[in-house]
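Inspection log for the structure reproduced underneath, given as structure tokens.
Laboratory data are not the source of any read-out in this text; all were calculated from the coordinates shown. These numbers come from a predicted model, not from an experiment.
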Amino acid sequence: MSRNAAAYDEDFFAWTEEQARLLRAGEFSQLDIANVAEEMEDMGRSNRHELRNTLSVLTMHLLKWRYQPGYRSPSWSGTACATSRRSVVTPARRVRRIRR
């Protein structure tokens with residue numbers, strides 16, 4: 001097991017900092033390629049999962065807004081709008097950045 005792979009198992013945060021330093025320095029031969037690739041795939045899956053969940057919650061809010069108008073209140077609509085804006089726009093920007 002390489003020093004990088006051992007660091008991955010022992011101190012993940014230190015490992016991430018070291019991988020970022022190596023990338024910025026162009027020291028590609030020193031990278032822990034297998035674990036970097038795995039983490040990138042996990043990050044992509046996590047972002048996609050977060051976006052799907054957020055869209056599901058937003059859809060539920062919109063359905064409730066449309067079909068249960070009697071339950072609308074200023075507090076609920078403010079929370080729904082703020083949550084939707086914060087939850088959908090931020091992950092969507094991340095996904096767009098990843099695709100570039």
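With the largest listed first and rounded to whole Å, the semi-axes of the equivalent ellipsoid of the stretch 10-85 from the Cα gyration tensor are 44, 12, 9. Length gained on full extension, residue 49 to residue 13: 10.7 nm, using 0.36 nm per residue less the C-alpha separation.
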